[in-house]
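Trainee: Pasting a structure below so you can have a look.
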Amino acid sequence: MAKSYSCVLCNKTHLTVNNRRTIINEKLRDYLARTLKRNVENETICLKCRAQVYRDMKTVMNSQQIRQGIATCQSNDEDDPDFLAEETLPSELISPKSIQLNLSSTSKSHRRCTLCQKNSSNRHRQVVVPHEARTQAFIEKCIVIPTNSRCCPNHLLGNYFTQESFKDTREEDYQRLTGLTRNQFEAVANTVTDLRKSEIRSVKTCLAILLVKLRTGLSNSILAILFSLEIHQIQRTTHAARSSLMKSFVPSFFGFQHMSHDKFTRDLTTPTARTLFADNQQDTEILVLDGTYIYLQKSPHHHFQKQTYSMHKGRSLVKPMVIVATDGYIPNVLGPYYADGHNNDASIIKHAFKTNADEINTWMHEDDVMVVDRGFRDAEEFLKKNEFQS
């Protein structure tokens with residue numbers, strides 16, 4: 001691959017042979033070294049910058065000669081007591097040709113909104129971002145918005161952006177990061193009432209950190225970068241969010257006790273399932289049970305690794321027992337259980353009824369139907385003894 005030459009001043013790349021010169025001249029090299037505060041030996045300069053530097057050098061040399069002449073005149077006039085010397089002007093300050101600022105900038109587009117990236121259409125027309133709004137974005141967020149950029153009208157209040165427009169997250173980003181829609185996220189955040197708001201994070205930020213970690217599996221160090229927090233703050237935040245959800249959200253929306261047996265039978269049992277499995281009996285509950293897998297990384301703890309390694313799958317995992325209504329609603333998940341040979345579907349369901357996991361014996365009634373696969377065949381007699389149909 002041919003070598004690429006770039007100008008030492010303007011950083012212009014891919015200079016041709018006719019448009020570049022190697023810095024060999026000693027005066028030119030010394031002048032650029034003093035200006036750029038670094039060694040420029042054997043570097044390249046374009047012809048345009050080279051001509052400009054020579055003009056600047058000539059101006060500096062002329063100003064130095066003028067100052068030397070003034071100094072000579074002043075030394076000759078020092079003997080004259082009636083002579084009043086004028087104040088000497090400060091030496092000329094030479095600034096670099098260009099200064100690079102690390103500022104973020106949005107793309108200039110007439111099709112997409114600058115903030116939410118929504119496409120413009122006949123039903124959803126966009127407006128030009130006012131000058132006041134562009135100035136507001138630069139002052140508050142250090143973001144440069146090009147002239148004639150477009151945005152949605154609902155982002156503006158007069159000629160300025162609303163504060164919510166800077167904080168809005170797209171619907172697709174909600175689902176990618178948290179697995180929830182915007183409305184679902186807002187609903188969960190409203191139910192979390194005991195989560196304390198602090199100076200470094202809000203309630204929604206605290207909840208978002210936990211959901212993003214569960215959704216993506218990112219480490220605390222990466223989450224700290226994304227949310228502009230320290231690692232120990234991420235650790236405390238995830239612990240506080242989990243404790244708050246377990247205290248205020250989970251008991252109201254998950255588990256056998258959050259819904260009565262009658263409501264479950266009336267609202268969550270489909271007519272087809274009632275016809276096939278319950279002979280159209282309105283008070284019979286129909287549940288679908290099956291074990292699933294949650295895969296884990298290999299643990300350095302030998303005993304835990306043995307308990308979580310599945311010979312069937314050849315990987316480390318744990319087994320939750322998922323209980324589903326016939327319309328797809330999940331009232332509860334039991335477990336998780338270890339993946340070794342002691343825990344198959346039959347042994348897990350036996351353990352749940354023997355230990356009365358989450359008050360399952362109280363919640364279920366006689367003649368309720370459980371739809372299972374052949375993995376529960378060893379528990380068929382046990383379920384019949386408890387007067388359940390399978």
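Here, each number is a calculation from the coordinates, and none is a lab measurement. Quick caveat, the model's predicted, so the values are computed rather than measured. As a convention, Cβ positions derive from the backbone with ideal geometry for all residues, glycine included, and neighbour counts pool all protein chains shown.
Trainee: Relative contact order for the chain: what percent, with Cα pairs under 8 Å and sequence separation of 6 or more?
Mentor: This gives 8 percent for the chain.
Trainee: Right, here's the next one. Of 275, 294, 349, whose Cα points farthest to the positive end of the dipole of the stretch 253-352 (charges on the beta-carbon: +1 Lys, Arg; -1 Asp, Glu; origin at the Cα centre)?
Mentor: With unit charges placed on the Cβ atoms, the residue in question is 294.
Trainee: If we count other beta carbons within 10 Å of each Cβ, what is the order of 380, 285, 366, fewest first?
Mentor: Numbers: 380 14, 285 22, 366 9.
If I rank by nearby Cβ atoms, fewest first, I get 366, 380, 285.
Trainee: Something else now. Could you list 272, 265 in order of exposure, starting from the residue whose Cβ has the fewest other Cβ atoms within 10 Å?
Mentor: Details: 272 9, 265 20.
Sorted ascending by nearby Cβ count, the order is 272, 265.
Trainee: Still on this model: Provide the three semi-axes, in whole Å and in decreasing order, of the ellipsoid equivalent to the chain as defined by the square roots of 5 times the Cα gyration tensor eigenvalues.
Mentor: Taking √(5λ) for each Cα gyration eigenvalue gives 75, 27, 22 Å.
Trainee: What's the exposure ranking of 368, 279, 173, going from fewest to most Cβ atoms within 10 Å? It would help to have the intermediate numbers written out before the result.
Mentor: Numbers: 368 20, 279 8, 173 12.
The fewest-first ordering by Cβ neighbours comes to 279, 173, 368.
Trainee: Let me ask another. Using mean Cβ contacts within 10 Å as the protection proxy, how do 147-156, 341-350 order, highest first? Write out the running numbers ahead of the final one.
Mentor: On the way: 147-156: 16.1, 341-350: 18.0.
Highest mean packing first, the order is 341-350, 147-156.
Trainee: Right, something else. Compute the angle between helix 231-244 and the longest alpha-carbon principal axis of the chain, please, reported from 0 to 90 degrees and rounded to the nearest 10.
Mentor: 30
Trainee: With axes computed from alpha carbons, what is the tilt in degrees of helix 47-77 against the longest principal axis of the chain, rounded to the nearest 10 within 0 to 90?
Mentor: For 47-77 against the chain, the angle is about 50 degrees.
Trainee: Could I ask something else about it? Taking the 0 to 90 degree range and rounding to the nearest ten, how far is the long axis of helix 345-354 tilted relative to the main principal axis of the chain, both from C-alpha atoms?
Mentor: Compared with the principal axis, the helix lies near 70 degrees.
Trainee: Here is a follow-up. What 222 nm value per residue comes from the helices of the chain, counting each DSSP H run with n ≥ 4 as -39,500 (n - 2.57) and dividing by all residues, nearest 500 deg cm²/dmol?
Mentor: -11500 deg cm²/dmol
Trainee: Among 37/108; 247/350; 3/48; 204/350; 319/385; 319/384, which pairs are too far apart, with a Cα-Cα distance over 30 Å?
Mentor: Numbers: 37/108 36 Å; 247/350 28 Å; 3/48 21 Å; 204/350 40 Å; 319/385 25 Å; 319/384 24 Å.
The answer is 37/108; 204/350.
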